[in-house]
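Structure record follows, encoded as structure tokens.
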Amino acid sequence: MDHFLYRDGALFAEDVAVAEIAAAVGTPFYVYSTATLLRHFRLFDEALAGMDHLVCYAMKANSNQAVLQTLAQAGAGMDVVSAGEYLRAKAAGVPGERIVFSGVGKTAAEIRLALEGGIRQFNVESEPEMVVLDATARSLGVVAPITIRVNPDVDAKTHAKIATGKSENKFGIPIARAREVYRMAAGMPGLDVVGIDVHIGSQLTDLAPFEQAYHKVAELTEALRADGHNIRRLDLGGGLGIPYERSNAAPPLPTDYGAMVKRTLGHLGCEIEIEPGRLIAGNAGLMVSEVIYVKSGEGRDFLILDGAMNDLIRPAMYDAWHDIVPVIEPEAGGEQAPIDIVGPVCESGDTFAKQRMMPPLVAGDLVAFRSAGAYGAVMSSEYNSRALIPEVMVKDDQFAVIRPRPTFDEMINRDTIPPWL
Ligand SMILES: *Cc1c(COP(=O)(O)O)cnc(C)c1O
């Protein structure tokens, strides 16, 4: 559920008309709903009630400071994957003991930064990383809390670019080798092994792959405890999918997910961490764009928007579907026709949807891409020297720009000219 609904024939973000925001900031832009962000965070928090737990928002999904502060004030921890994300989390007021550091290629400098600034745990992904972490911690005279990310070799049944739990993926250590690697970690004085980490992929629409992976984690917990490790924390990753296409069957809800976690892992008495990103931010955002032209081609028509692949790359990158709706509510049962919805960038990949059934639209009309709050703004670029589009946050009847559109001068002046020119 989100808070983007039609009211009297016009699309609203909470209690603000989307057209009013467009008039104030210009198109294209992203708009996020505070109520939706908080609702999704609380759904997860409540789904794990009864177990000692922490919901660590995977901030790579949307790392705007306003989004982070909204969630941090509600009690969220953060899952970070870089020094930049770590510093963003800190800047949003998240204490180190609520930040977990994931990622397959943490540098020594990133590790040092987090050890000095405070960290809940590192999710270690390889033996060489373990060696660097141990050495860095000892050089600082501290002990680094770690989990080891295991690769359970399960098929997440999602898009290949966001599947991470098969043995061919670069992530984690093979679960078959886990006991050996844990033994190695236990021998390193700079490390404190606190638990196990697993993350099998993103946009999962079925609980079965999670359940398979978590059964393996349960078995591994018992085995590691038998080996003498004090396994007390399980980080179960993120990955629960969202309904991008309204007409499709809805993916499982956080409550179903929470019940499954209790069923498969509850008996172990571990503290549970989860790292949802997409499910918290995805449906909390729209990308709003204006129709520039309606162009008739041979056998097909094109809706040319002022938004493009540089603003929202998911369709080009993951063949992703976004529901695209007019900001003025179309008549129920009114006329619809197939049309290709594209941006102005000079690439055929700059296509948001092919032969999408849409009501009649004309130049100047506004459309909204639904479910654009996660992996939207954060993956945008200035390709074609198109300025990064602004981000706006809504709370009840208020809205505020939370990242302004840069001016062209700002863009140009970011480059520096070498002395020989
Ligand atoms: C990307 C990622 C997440 C978040 O995944 P979502 O599908 O957005 O929930 C969580 N943990 C790790 C380690 C990740 O890489």
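Every read-out reported here was derived from the displayed coordinates using simple, explicitly stated rules and does not represent laboratory data. A quick note: this is a predicted structure, and the numbers were derived from the prediction, not measured. Note that each Cβ is placed from the backbone with ideal geometry, even for glycine, and that neighbours are counted across all protein chains shown.
Spelling out what I want: for every residue of the range 177-193, take phi, set θ = phi - 60°, compute 6.51 cos²θ - 1.76 cosθ + 1.60 (Karplus), and round to whole Hz; glycine and proline get x.
With coefficients 6.51, -1.76 and 1.60, one gets 9, 4, 4, 5, 5, 5, 4, 4, 5, 5, x, 9, x, x, 10, 10, 7 Hz.
Out of all DSSP beta bridges in the range 33-281, what portion is antiparallel? Express it as a percent rounded to 5.
Values: 1 of 30 bridges.
Rounded to the nearest five, the antiparallel share is 5 percent.
For the range 144-211, just the Cα atoms, rotate onto the principal axes and tell me the three extents in Å, largest first.
For the range 144-211, the Cα spread along each principal axis is 40, 20, 19 Å.
What pairs in 106/157; 354/395; 161/216 have C-alpha atoms more than 29 Å from each other? Please list the in-between numbers first.
Numbers: 106/157 27 Å; 354/395 34 Å; 161/216 23 Å.
Checking Cα-Cα distances, 354/395 exceed 29 Å.
Using 1/(1 + (r/R0)^6) with R0 = 56 angstrom and r between the beta carbons of residue 301 and residue 142, what's the FRET efficiency to the nearest 0.05?
Working: r = 63 Å, r/R0 = 1.12.
The calculated FRET efficiency here is 0.35.
For the chain, build the convex hull from the C-alpha positions and give me its volume per residue in Å³.
Details: hull volume 69.3 nm³, N = 421.
Each residue corresponds to 165 Å³ of Cα convex hull volume.
Mind checking the angle between helix 108-117 and the chain's longest principal axis? C-alpha axes, 0 to 90 degrees, to the nearest 10.
With both axes taken from Cα atoms, the answer is about 80 degrees.
Between helix 208-226 and the chain, what is the angle of the helix's C-alpha long axis to the longest principal axis, kept within 0 to 90° and rounded to the nearest 10?
Helix 208-226 sits at roughly 20 degrees to that axis.
Using 0.36 nm times the number of residues separating residue 398 and residue 271, minus their current alpha carbon distance, what extension gain do you get? All intermediate terms of the calculation are to be shown ahead of the outcome.
Values: separation 127, 0.36 × 127 = 45.72 nm, distance 3.79 nm.
Result for the pair: 41.9 nm of gain on full extension.
Scaled to the compact-protein estimate 2.2 N^0.38 Å, what is the alpha-carbon radius of gyration of the range 358-415, rounded to two decimal places? Provide the component values of the computation, followed by the final result.
Working: Rg = 14.6 Å, N = 58, 2.2 N^0.38 = 10.3 Å.
Cα Rg divided by the expected 2.2 N^0.38 Å: 1.41.
Which residues does a label at residue 170 reach in the range 78-117, if reach means a backbone N under 13 Å from a point 7 Å past the Cα toward the Cβ?
103-107
Taking the Cα centre of the chain as the origin and placing charges on Cβ (Lys, Arg +1; Asp, Glu -1), which of 341, 144, 122 is farthest toward the positive end of the dipole?
144
Set the Förster radius R0 to 22 Å, insert the Cβ-Cβ distance between residue 381 and residue 15 as r into 1/(1 + (r/R0)^6), and round the FRET efficiency to 0.05. All intermediate terms of the calculation are to be shown ahead of the outcome.
On the way: r = 33 Å, r/R0 = 1.48.
Once rounded, the FRET efficiency stands at 0.10.
If you count the DSSP beta bridges with both ends in the chain, what percent of them are antiparallel, to the nearest 5?
Working: 34 of 70 bridges.
If I count the DSSP bridges inside the chain, around 50 percent turn out antiparallel.
Once R0 is set to 51 Å, what does the formula 1/(1 + (r/R0)^6) return for the Cβ-Cβ distance between residue 157 and residue 407, expressed as a FRET efficiency to the nearest 0.05?
Working: r = 45 Å, r/R0 = 0.88.
Taking R0 as 51 Å, the efficiency between residue 157 and residue 407 is 0.70.
Subtracting the Cα-Cα distance from 0.36 nm times the residue separation, let me have the gained length for residue 39 to residue 87 in nm, one decimal.
Result for the pair: 14.7 nm of gain on full extension.
Treating each Cα of the range 33-281 as an identical point scatterer and ignoring solvent, apply the Debye formula and state log10 I(q)/I(0) at q = 0.07, 0.13 Å⁻¹.
Once normalised to I(0) and log-transformed, intensities are -0.21, -0.76.
Any chance you could check the Cα centroid distance between the range 23-78 and the range 372-400 for me, in angstrom?
Cα centroid to Cα centroid, the span is 15 Å.
How many angstrom lie between the Cα centre of the range 328-344 and the Cα centre of the range 202-221?
Each part reduced to its Cα centre gives a spacing of 40 Å.
Going 7 Å from the Cα of residue 46 in the Cα-to-Cβ direction, what parts of the range 229-255 have a backbone nitrogen less than 15 Å from that spot?
Only 253-255 pass the distance filter.
How tilted is helix 254-265 with respect to the longest principal axis of the chain? Cα atoms for both, answer in degrees (0 to 90, nearest 10).
Here the helix axis deviates by roughly 20 degrees.
Length gain on complete extension for the stretch residue 263 to residue 247, per 0.36 nm per residue less the alpha carbon to alpha carbon distance? Intermediate results must be reported in sequence, preceding the final value.
Details: separation 16, 0.36 × 16 = 5.76 nm, distance 3.05 nm.
Working it through step by step, the gained length comes to 2.7 nm.
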